[in-house]
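Student: To start, I am sharing the structure in question, which I have written as structure tokens.
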Amino acid sequence: MRVRVGATTAHVAEDASVLDAVRAAGISLPTLCHDDRLTPAGSCRACLVRAGGKVVAACVTPAAEDAPIEVDADDLRGLRREAVEVIVSVLPPRALDDEHGRSELAGVCHDLGVAPDTARGAGGRGRDDSHPYVRLDRDLCIACGRCVRMCAEVQGTFALTLVGRGSDTVVAPGTGGPWAESECVACGGCVDTCPTGALTEPGLSGGDRTPELPGTRTTCGYCGVGCSLDVLTGGDSVTAVLPARDGPVNRGHACVKGRFAHGFLRSPDRLTRPLLRRDGRLEPVSWEEALDHVARELRAAVAAGGPGAVAAISSARATNEENYLLQKFMRTVIGTNSVDNCSRLCHAPSAAGLTAAFGLPGGTDPFEDVESADCLLLVGANPVEAHPVVGARLLQRVLRGARLVVADPRAVGLARHADVHLRPRPGTNVALFHAMAHVMLAEGLIDEEFLRERSAGLPELTALLAGYSPERTAAVTGVPAADVVAAARLFGLAERPAILYGLGVTEHLHGTDGVRALSNLAILRGAVGTGRGFGVNPLRGQNNVQGASDMGALPDLLPGYGKVTDADARLRAERVWGVLVPPRPGLRIPEMFAAARSGELRALWILGEDVCATDPDSNQVVQALESCPLVICDELFLSETARRADVVLPAASWLEKDGTFVNFDRRFQRVRAALAPPGAARPDFEIIHAVAAALGADLGCATPAEALTECGRIAPVFAGLSHERLDREGAVPWPCRHPDRPGESSLYRERFATPDGLAHLSAAPYLPPGEEPDDRYPLVLVTGRRWAHYNSGGMTRRTDNLLLDPTDRLDVHPVDASRHRLGDGDRVTVRSRHGEAHLTVQVSDDMTPGQVFCAFHFPASGVNALTSDRGDAATSCPEYKVTAVRLLAGERAGQAR
């Protein structure tokens, strides 16, 4: 649409506002209540213009071809100035002083000629400094409502409101109490949008969203969403971390961890020198001494037990290039495939299940496609807490009309907004998904053409599903038949359905079967590979859990998922590396620990994983480390694992290194160092090179950029990727086979990547979980994440996030709490068949009677001493989501054994 703005013709979209047209014409227009990310309000009147002969607020008025727009007339400038003078007049003089001189309000005043002495309000409305990350100065609030809309429309928390009347109207937490006690989840969006400095964060002056401080664009090192962040530094510390407005996934949004949880960088217990165990104690040594010891002991291990006596656990926290380099070190220097990463403990069933169903071990479609989904099926995930930016965008889609089906035992997060909430008994996912598929087949909610032309396995699945009616499965899953039918109809009738899932699908004894049974629903609907749906996408828990596997840090797969048993895949690697690749798969993580306990494994190198806190049956893990003659640990802090290591090497954090991460929808994005590591700490990339050099080996690829390029020579799916390209384009999804062609964000449009080019339905029957409750252990424990912390809490517990969530707690349904005579805040011992943990009770209706929930962010609680080492038959992923437990309160805890 063409719109005349003054003497200029602007080209804008049909739904453009007058403000859009004015900006398209290159004319600056002040706004105070407007943020492009939010619904227009039109309350401040700072953007008054004349459109079609009428004076209107530009932000809320639709542009029209037949309504010319006038901006620069003297009377219009006077009206805008008067509107701002009224706003400023009730503010105290400091609203426009030097401290806040770069605020948006001050800039508007300067442009309109509003004198600083216009601000002559008395002030005295007070402050709220109760929150560690958000400060409220009520005297500077102009009641524009931007923060309230940001909290509602972008974050979806609805924690803020406006209170008071007239000039006394100010923002306040909706609970009415202090900010720290509100429902605020500290995303920082309110601070970003505040135009006056009424809302600020420590480290930045009020209203200052573009400070003149050195900034570094990087990718968040917490969860797998892959938020783009601008890190501002002053001296040798981080001043602030701001979400990038042009971030491809987060779009100017962030969560409390990525935005604020960077205080760990300069924690006093940060490791800054190598540590070597002498006479049972870890003592600081030089890098030279530490490397000499590592090299000597690695040689001794290989001499005593062959290359198979050495293993390594790579890291989902490390960059792609570091993961690539470690697996190359193990295969070319040590001569073993015994390298694995923590995807073994979370999303290995995703890789196996998605590969079997579709051909590649990643999600099928880009997250942007969720914006057009008309039905969301969210299974075994709580993105509101574990992936807040994704959770917020999903909620906004639901608030705009998309239907929502949630399958989760707990009534948390998005489940509160669901059209249908399915609450299966933990461990019964396969039966639930088969019941939904049964309904879809019975009622014809399938794409027959797609099934006929692009899938395989329908006859076998149809025969199996005959025994999985909702009525029959209700006894197994605990989900009423009517709810299953309603959910299947919502999904089956949707034009563009989307499936997203989390660890509640994978961390089971039959997790791979769960992924495949869930994928059946997308295949039956023809919602994958067709553009008619969002396909099937796992929500990754750690920042680079996808990339660690992509880079070949797996015992049976090379970079790009070539099998080590495939001669052609080995040959590609051998041509690049110049050495033979072992043809037999190496040890998985659980097998490494078993081999250590038996004496077969003599050296274990662990990069950045606190296995004593995060791996299942942690008592057995501790025994494995204590049995292994050499344990090397790269870490930021002296974690539970590092305390048991023989050599601890101080590593750089994600804010101190260079490379790339891959997020949950397969995007490669750049990671850049905002700071130098403290003391003698080094990036893992340099540490791996140094260990190789101590053994007399040269790994080549001297820089991370060279490592990614070398990886692309081995793995055709990464051949088109480079640091230079990512610096230019920002984010590129894989597969990306050519440097001059785009990556494939949507997969399988022409054929699936399976050998026959078809999507494969799975007819695996439901099998019960590995653990069942009984009279002695009557409750089922489910573990997961909380919003303020990350994994074992090594980073977040060293920040002010600890003020927001200070302890592990056990969520208990009121029925079970009453039965055990427990109340909020009571200490309780939780005992399983494997160990015990000590937690604080939180009585919660979110639970189902007979089930309890806790996180694993505080290792001292011992939560993973409870979980078993039973694992998925296909991938060895542990059964974290089903552990039979009992509760022992007070003095009884110390007596019953």
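The values are calculated or read from the model by the stated rules, or taken from the named source; none is laboratory data. What you see is a predicted model, and the numbers here were worked out from it, not measured in a lab. With ideal geometry, Cβ positions are generated from the backbone for all residues, glycine too; neighbour counts draw on all protein chains shown.
Student: Is one or more of the residues making up region 385-404 under 16 Å from the mean Cα position of the chain (by Cα) and more than 19 Å from residue 226 (Cα to Cα)?
Tutor: no
Student: Sticking with this structure for a sec: Return a yes/no flag: does region 862-872 have any residue that is surrounded by fewer than 21 Cβ atoms within 10 Å (Cβ to Cβ), part of a strand (DSSP E or B) and touching a strand residue (DSSP E or B) at 6+ places or on another chain (Cβ under 7 Å).
Tutor: no
Student: Within region 552-574, how many residues turn out to be part of a strand (DSSP E or B) and within 15 Å of residue 324 (Cα to Cα)?
Tutor: To start, the set of residues in region 552-574 that are part of a strand (DSSP E or B) comprises 557, 563.
Narrowing the set further to residues that are within 15 Å of residue 324 (Cα to Cα) leaves 557.
Summing the residues that are part of a strand (DSSP E or B) and within 15 Å of residue 324 (Cα to Cα) in region 552-574 gives 1.
Student: Tally up the residues in region 117-135 that are farther than 26 Å from residue 47 by Cβ and crowded, with 22+ Cβ neighbours inside 10 Å, please.
Tutor: Adding up the residues that qualify gives 2.
Student: Another question, then. Does region 1-19 hold any residues that are over 11 Å from residue 51 (Cα atoms) and aliphatic (A, V, I, L, M), and which are they?
Tutor: Selection gives 1, 7, 10, 12, 13, 16.
Student: Could you figure out which of (1) acidic (Asp, Glu); (2) surrounded by fewer than 24 Cβ atoms within 10 Å (Cβ to Cβ); (3) in a loop (DSSP other than H, G, I, E, B) isn't true of residue 686?
Tutor: (3)
Student: Which of the strands (runs of 3 or more DSSP E) found entirely inside region 111-176 contain at least 3 residues meeting this: under 15 Å from residue 196 (Cα atoms)? Let's see the steps before the verdict.
Tutor: On the way: elements: 135-137, 160-163, 170-173.
In region 111-176, the matching strands (runs of 3 or more DSSP E) lie at 135-137.
Student: Looking at (1) closer than 23 Å to residue 615 by Cβ; (2) at pLDDT 95 or above; (3) of a type in the set (A, V, I, L, M), which is the one condition that is false for residue 352?
Tutor: (2)
Student: Keeping to region 656-673, report how many residues are part of a loop (DSSP other than H, G, I, E, B) and buried (at least 24 other Cβ atoms within 10 Å of the Cβ).
Tutor: As a first pass, look at region 656-673 and keep what is part of a loop (DSSP other than H, G, I, E, B): 657-658, 663-666, 672-673.
Remaining after also requiring buried (at least 24 other Cβ atoms within 10 Å of the Cβ): 657, 663-666.
So the answer is 5.
Student: Could you identify the single residue in 83, 95, 106 that is over 42 Å from the mean Cα position of the chain (by Cα), surrounded by 14 or more Cβ atoms within 10 Å (Cβ to Cβ) and aliphatic (A, V, I, L, M)?
Tutor: Working: 95 fails: over 42 Å from the mean Cα position of the chain (by Cα); 106 fails: over 42 Å from the mean Cα position of the chain (by Cα).
None of the others qualify; the one that does is 83.
Student: Being of a type in the set (Phe, Trp, Tyr) and buried (at least 24 other Cβ atoms within 10 Å of the Cβ) narrows it down to one of 450, 491, so name that one.
Tutor: Details: 450 fails: buried (at least 24 other Cβ atoms within 10 Å of the Cβ).
Among 450, 491, only 491 is of a type in the set (Phe, Trp, Tyr) and buried (at least 24 other Cβ atoms within 10 Å of the Cβ).
Student: Ok, one more. Being in a helix (DSSP H, G or I), closer than 30 Å to residue 392 by Cα and not assigned by TED's automatic domain parsing to the domain that holds residue 253, is that true of even one residue in region 57-64? Before the answer, list the steps.
Tutor: So the first thing to find is which residues in region 57-64 are in a helix (DSSP H, G or I), and the list is none.
Among the residues of region 57-64, not one is in a helix (DSSP H, G or I), closer than 30 Å to residue 392 by Cα and not assigned by TED's automatic domain parsing to the domain that holds residue 253, which makes the answer no.
Student: One residue is enough: does region 307-318 have a residue meeting the conditions of a type in the set (D, E, K, R), surrounded by 14 or more Cβ atoms within 10 Å (Cβ to Cβ) and modelled with pLDDT under 95? Break it down into steps so the answer makes sense when it comes.
Tutor: Here is the first cut: in region 307-318, the residues of a type in the set (D, E, K, R) are 317.
If we keep only those that are surrounded by 14 or more Cβ atoms within 10 Å (Cβ to Cβ) too, we end up with 317.
Narrowing further to those that are modelled with pLDDT under 95: 317.
Within region 307-318 (the criterion being of a type in the set (D, E, K, R), surrounded by 14 or more Cβ atoms within 10 Å (Cβ to Cβ) and modelled with pLDDT under 95), the answer is yes, since at least one residue qualifies.
Student: In the list 785, 741, which residue meets the criterion of being surrounded by fewer than 21 Cβ atoms within 10 Å (Cβ to Cβ), of a type in the set (Lys, Arg) and farther than 30 Å from residue 857 by Cα?
Tutor: 741
Student: List the number of the failed condition for residue 437; all other conditions in (1) crowded, with 22+ Cβ neighbours inside 10 Å; (2) not in a helix (DSSP H, G or I) hold.
Tutor: Exception for residue 437: condition (2).
Student: Next up: Working carefully through the options 542, 620, find the one that is at pLDDT below 95 and part of a loop (DSSP other than H, G, I, E, B). Lay out the reasoning, then the answer.
Tutor: Details: 620 fails: part of a loop (DSSP other than H, G, I, E, B).
Selected residue: 542, the only one of 542, 620 that is at pLDDT below 95 and part of a loop (DSSP other than H, G, I, E, B).
Student: Additional query: From the list 601, 607, 587, 630, which residue is within 25 Å of residue 262 (Cα to Cα), in the same structural domain as residue 323 (by TED's automatic domain parsing) and either touching a residue at least 12 places away in the same chain (Cβ under 8 Å) or surrounded by 17 or more Cβ atoms within 10 Å (Cβ to Cβ) (or both)? Spell out the reasoning first.
Tutor: Details: 601 fails: within 25 Å of residue 262 (Cα to Cα); 587 fails: within 25 Å of residue 262 (Cα to Cα); 630 fails: within 25 Å of residue 262 (Cα to Cα).
On inspection, the qualifying residue turns out to be 607.
Student: Right, something else. From 719, 707, 702, which residue is of a type in the set (Gly, Ala, Ser), out of contact with any His (no Cβ under 9 Å at 6 or more places or on another chain) and either more than 21 Å from residue 357 (Cβ to Cβ) or without any contact (Cβ under 8 Å) to a residue 24 or more places away in the chain (or both)?
Tutor: Details: 719 fails: out of contact with any His (no Cβ under 9 Å at 6 or more places or on another chain); 702 fails: out of contact with any His (no Cβ under 9 Å at 6 or more places or on another chain).
Result of the check over 719, 707, 702: 707.
Student: Continuing with this model, one more query. Of everything in region 177-194, what is farther than 17 Å from residue 243 by Cα and assigned to a loop (DSSP other than H, G, I, E, B)? Give them in sequence order. First the steps, then the outcome.
Tutor: First, pick out the residues of region 177-194 that are farther than 17 Å from residue 243 by Cα: 177-184.
Hits for region 177-194 are 177, 178, 182, 183, 184.
Yes/no per residue for (1) without any contact (Cβ under 8 Å) to a residue 24 or more places away in the chain; (2) in contact with a Pro (Cβ under 9 Å, 6 or more places away or on another chain); (3) over 25 Å from residue 246 (Cβ atoms); (4) of a type in the set (Lys, Arg):
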{"residue": "728", "(1), (2), (3), (4)": "yes, no, no, yes"}
{"residue": "735", "(1), (2), (3), (4)": "no, yes, no, no"}
{"residue": "740", "(1), (2), (3), (4)": "yes, no, no, no"}
{"residue": "748", "(1), (2), (3), (4)": "no, no, yes, no"}
{"residue": "752", "(1), (2), (3), (4)": "no, no, yes, no"}
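Student: While we're on this one: For region 440-465, which residues satisfy the criterion of being in contact (Cβ under 8 Å) with a residue 24 or more places away in the chain and in a loop (DSSP other than H, G, I, E, B)?
Tutor: 443, 445, 446, 447, 457
Student: Within region 523-532, track down each residue that is assigned to a loop (DSSP other than H, G, I, E, B) and on the phi < 0 side of the Ramachandran plot.
Tutor: Start the filter on region 523-532 by keeping residues that are assigned to a loop (DSSP other than H, G, I, E, B), which leaves 526-532.
Residues satisfying the conditions are 527, 528, 530, 532.
Student: Residue by residue through region 779-812, note down the ones that are under 21 Å from residue 545 (Cβ atoms), touching a strand residue (DSSP E or B) at 6+ places or on another chain (Cβ under 7 Å) and polar (S, T, N, Q).
Tutor: Answer for region 779-812, where residues must be under 21 Å from residue 545 (Cβ atoms), touching a strand residue (DSSP E or B) at 6+ places or on another chain (Cβ under 7 Å) and polar (S, T, N, Q): just 783.
Student: Here is a follow-up. Residue 833 versus (1) over 25 Å from residue 477 (Cβ atoms); (2) touching a residue at least 24 places away in the same chain (Cβ under 8 Å); (3) more than 25 Å from the chain's Cα centre (by Cα); (4) surrounded by fewer than 23 Cβ atoms within 10 Å (Cβ to Cβ): which is the lone unmet condition?
Tutor: (1) is the only condition that residue 833 fails.
Student: Within the bounds of region 161-175, is there any residue that is of a type in the set (S, T, N, Q) and touching a residue at least 60 places away in the same chain (Cβ under 8 Å)?
Tutor: Of the residues in region 161-175, the ones of a type in the set (S, T, N, Q) are 161, 167, 169, 175.
Filter once more, keeping what is touching a residue at least 60 places away in the same chain (Cβ under 8 Å): 167.
Within region 161-175 (the criterion being of a type in the set (S, T, N, Q) and touching a residue at least 60 places away in the same chain (Cβ under 8 Å)), the answer is yes, since at least one residue qualifies.
Student: Oh, and also: Hey, any hits in region 24-46 for a residue that's outside any loop (DSSP other than H, G, I, E, B) and either surrounded by 15 or more Cβ atoms within 10 Å (Cβ to Cβ) or touching a helix residue (DSSP H, G or I) at 6+ places or on another chain (Cβ under 6 Å) (or both)?
Tutor: First, the residues of region 24-46 that are outside any loop (DSSP other than H, G, I, E, B): 24.
Those still in the list that are either surrounded by 15 or more Cβ atoms within 10 Å (Cβ to Cβ) or touching a helix residue (DSSP H, G or I) at 6+ places or on another chain (Cβ under 6 Å) (or both) too: 24.
Looking for residues that are outside any loop (DSSP other than H, G, I, E, B) and either surrounded by 15 or more Cβ atoms within 10 Å (Cβ to Cβ) or touching a helix residue (DSSP H, G or I) at 6+ places or on another chain (Cβ under 6 Å) (or both), one finds at least one in region 24-46, hence yes.
Student: Among (1) modelled with pLDDT under 95; (2) farther than 19 Å from residue 545 by Cβ, where does residue 224 come up short?
Tutor: (2)
Student: Among what's in region 5-20 and is out of contact with any Lys or Arg (no Cβ under 9 Å at 6 or more places or on another chain) and surrounded by 17 or more Cβ atoms within 10 Å (Cβ to Cβ), pick the residue that is modelled with the lowest pLDDT.
Tutor: Ranking the qualifying residues of region 5-20, first place goes to 5.
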